[in-house]
Amino acid sequence: MRSQPADSVFIRACRRQAVPYTPVWYMRQAGRSLPEYRKVREGVPMLTACATPELVVEITMQPIRRYGVDAAIFFSDIVVPLKAIGVDLDIKPGVGPVVETPIRSRADLAVLRPLEPDDVPYVAESVRALVAELGGTPLIGFAGAPFTLASYLIEGGPSKNHDRTKAMMYGEPELWHALMERLSEITLAFLRVQVEAGAAAVQLFDSWVGAVAPDDYREFVLPHTSRIFAGLADLDVPRIHFGVGTGELLGLLGEAGADVVGVDWRVPLDEAAVRVGAGKALQGNLDPAVLLAPWEVVERRARDVLTRGRVAEGHVFNLGHGVLPATDPDQLARLTDLVHEASAR
Ligand code: CP3
């Protein structure tokens with residue numbers, strides 16, 4: 001009998017069950033560090049690629065073939081559901097998401113209508129095709145969390161300090177919460193489409209929420225992320241929550257309802273386990289820049305991550321953020337083997 005994603009090492013680790021070795025996958029494992037990715041993307045805009053099931057399947061599979069990782073991450077982008085409901089935005093190479101008309105007032109909210117499954121037929125189609133092709137390897141669905149999406153929508157593009165975002169959060173809390181409610185419903189609907197089509201786990205990326213202090217997180221962000229995680233509970237898939245620079249927020253990310261808390265490279269995993277508390281698994285957390293150093297350095301650092309990760313009730317090895325474009329794919333292939341061998345029990 002073919003093994004099922006639910007029995008896979010990755011899903012078992014997320015559920016804090018016994019595993020024969022520590023599972024591993026990499027954020028941004030598909031993408032610009034792979035020559036085969038650059039080849040299939042030649043002349044195809046990012047958002048076109050995301051809406052073309054043939055390309056989504058091929059690009060999602062590329063790192064599986066090359067690295068032997070324990071999970072696939074769906075090839076898409078956090079702005080795909082916003083584009084699908086008609087927000088005028090694009091992804092500019094080397095820049096990121098750029099929004100034509102930023103959201104700054106109550107009237108601007110009108111563009112954020114609810115997402116229906118029919119808005120993203122190519123997502124369900126791609127997920128179904130991938131689940132068939134992956135066999136027992138689990139597929140991770142994902143979405144951007146409301147704070148990170150709000151930042152792109154309010155700023156109009158990538159931002160260092162999220163000034164306008166915080167200005168709305170502090171200065172116009174009612175508008176802020178109305179925006180966050182709409183984004184939460186869109187995000188929840190987008191994640192449900194992926195799980196109902198066969199994704200075995202989900203990751204909610206709140207990449208930029210580390211800009212917010214803990215008390216403000218509790219007041220302005222947590223009610224919305226909690227609503228998303230609660231809205232997924234009946235689907236019974238592990239829920240991973242990740243953000244960058246969230247050392248002070250790790251406990252709250254778990255409290256919001258995640259089963260697995262993603263940790264960047266700034267907090268060692270044994271310390272993160274204390275901050276997150278009982279009943280959660282951890283994911284992380286090798287600094288992606290370490291992969292640019294000689295292999296001996298990668299090996300030493302990766303072994304340290306594994307040792308510290310043993311303190312957690314469950315550990316999924318990953319980087320502390322996405323694979324950097326300059327990374328040599330051979331380093332990642334070697335790292336995958338090392339994680340499997342060094343953690344075997
Ligand atoms: O392999 C994977 O992880 C799956 C694919 C994936 C992409 N984006 C593909 C992508 C995932 C999970 C994302 C999520 C995403 N998108 C996040 C959260 C994760 C994180 O990195 O914190 C964020 C903040 C975005 C917004 C975004 N989209 C940025 C900042 C960029 C980079 C812009 C650039 O070119 O430097 C994108 C574009 C993007 N998303 C690319 C890819 C492969 C590059 C586009 C290209 O190759 O032309």
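Mind checking which helices (runs of 4 or more DSSP H) fall wholly inside the range 259-345 and carry at least 2 residues that are over 18 Å from the mean Cα position of the chain (by Cα), surrounded by fewer than 23 Cβ atoms within 10 Å (Cβ to Cβ) and within 16 Å of the ligand (Cβ to nearest atom)?
Of the helices (runs of 4 or more DSSP H) lying wholly inside the range 259-345, those with at least 2 residues that are over 18 Å from the mean Cα position of the chain (by Cα), surrounded by fewer than 23 Cβ atoms within 10 Å (Cβ to Cβ) and within 16 Å of the ligand (Cβ to nearest atom) span 329-342.
Among the residues of the range 37-80, what is the count of those that are within 11 Å of the ligand (Cβ to nearest atom) and among the acidic types (Asp, Glu)?
Of the residues in the range 37-80, 2 are within 11 Å of the ligand (Cβ to nearest atom) and among the acidic types (Asp, Glu).
Considering only residues that are surrounded by 18 or more Cβ atoms within 10 Å (Cβ to Cβ) and either in a strand (DSSP E or B) or β-branched (Val, Ile, Thr) (or both), which ones fall in the range 48-60?
Across the range 48-60, the qualifying residues are Val56, Val57, Ile59, Thr60.
Restricting attention to the range 129-147, and to residues there that are among the aliphatic types (A, V, I, L, M) and within 13 Å of the ligand (Cβ to nearest atom), which single residue is farthest from Val221 (Cα to Cα)?
Residue satisfying both the conditions and the ranking: Leu130.
Tally up the residues in the range 17-40 that are surrounded by fewer than 19 Cβ atoms within 10 Å (Cβ to Cβ), within 21 Å of the chain's Cα centre (by Cα) and either more than 18 Å from Leu130 (Cβ to Cβ) or among the polar types (S, T, N, Q) (or both), please.
The qualifying residues number 1.
Of the numbered conditions (1) hydrophobic (A, V, I, L, M, F, W, C); (2) over 16 Å from the mean Cα position of the chain (by Cα); (3) closer than 25 Å to Val9 by Cα, Leu139 satisfies every one except a single condition; which is it?
Failed condition: (2).
With respect to Ala110, determine if the residue is within 16 Å of the chain's Cα centre (by Cα) and farther than 30 Å from Asp330 by Cβ.
Taking the combined requirement at face value, the residue does not satisfy it.
Looking at the range 1-17, which of its residues are out of contact with any helix residue (DSSP H, G or I) (no Cβ under 8 Å at 6 or more places or on another chain), in a helix (DSSP H, G or I) and either among the aromatic types (Phe, Trp, Tyr) or modelled with pLDDT of 95 or more (or both)?
Answer for the range 1-17, where residues must be out of contact with any helix residue (DSSP H, G or I) (no Cβ under 8 Å at 6 or more places or on another chain), in a helix (DSSP H, G or I) and either among the aromatic types (Phe, Trp, Tyr) or modelled with pLDDT of 95 or more (or both): Val9, Phe10, Arg12, Ala13, Cys14.
Looking at (1) in contact with a Phe, Trp or Tyr (Cβ under 9 Å, 6 or more places away or on another chain); (2) more than 18 Å from Val131 (Cα to Cα); (3) not small (Gly, Ala, Ser), which is the only condition Asp77 fails?
(1)
Restricting attention to helices (runs of 4 or more DSSP H) lying wholly within the range 140-257, give those where 2 or more residues are under 19 Å from Val79 (Cβ atoms) and touching a strand residue (DSSP E or B) at 6+ places or on another chain (Cβ under 8 Å).
Result: 146-155, 173-196, 222-230.
Name every residue in the range 148-170 that is within 16 Å of the ligand (Cβ to nearest atom) and of a type in the set (A, V, I, L, M, F, W, C), in order of residue number.
Leu149, Ala150, Leu153, Ile154 - these are the residues of the range 148-170 that are within 16 Å of the ligand (Cβ to nearest atom) and of a type in the set (A, V, I, L, M, F, W, C).
List the pairs whose first member sits in the range 33-49 and is free of Cβ contacts under 8 Å to residues at least 12 places away in the same chain, whose second member is of a type in the set (A, V, I, L, M, F, W, C) and surrounded by 13 or more Cβ atoms within 10 Å (Cβ to Cβ), and whose Cβ atoms are under 9 Å apart, counting only residues at least 6 apart or on separate chains?
Close Cβ pairs satisfying both conditions: Val44/Leu55; Thr48/Leu55.
Need the failing condition index for Arg66 against (1) more than 19 Å from Pro5 (Cα to Cα); (2) free of Cβ contacts under 8 Å to residues at least 40 places away in the same chain; (3) within 21 Å of the chain's Cα centre (by Cα), just the number.
(2) is the only condition that Arg66 fails.
Among the candidates Pro173, Pro93, which residue alone is within 16 Å of the ligand (Cβ to nearest atom) and farther than 29 Å from Ile11 by Cα?
That would be Pro93, the only listed residue that is within 16 Å of the ligand (Cβ to nearest atom) and farther than 29 Å from Ile11 by Cα.
For every residue, the table says whether it meets (1) in a loop (DSSP other than H, G, I, E, B); (2) touching a strand residue (DSSP E or B) at 6+ places or on another chain (Cβ under 9 Å); (3) of a type outside the set (A, V, I, L, M, F, W, C); (4) modelled with pLDDT of 95 or more.
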residue	(1), (2), (3), (4)
Gln62	no, no, yes, yes
Asp70	yes, yes, yes, yes
Val98	no, yes, no, yes
Ser105	yes, no, yes, yes
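Kindly evaluate Ile91 against the criterion of being part of a strand (DSSP E or B) and buried (at least 16 other Cβ atoms within 10 Å of the Cβ).
The answer is yes for Ile91.
Could you list all residues from the range 18-47 that are in a loop (DSSP other than H, G, I, E, B) and in contact with an Asp or Glu (Cβ under 7 Å, 6 or more places away or on another chain)?
Residues satisfying the conditions are Pro23, Trp25.
The values are calculated or read from the model by the stated rules, or taken from the named source; none is laboratory data. Quick caveat: nothing in here was measured; it's all calculated off a predicted structure. Cβ sites come from the backbone with ideal geometry, for glycine too, and all protein chains shown count toward neighbours.
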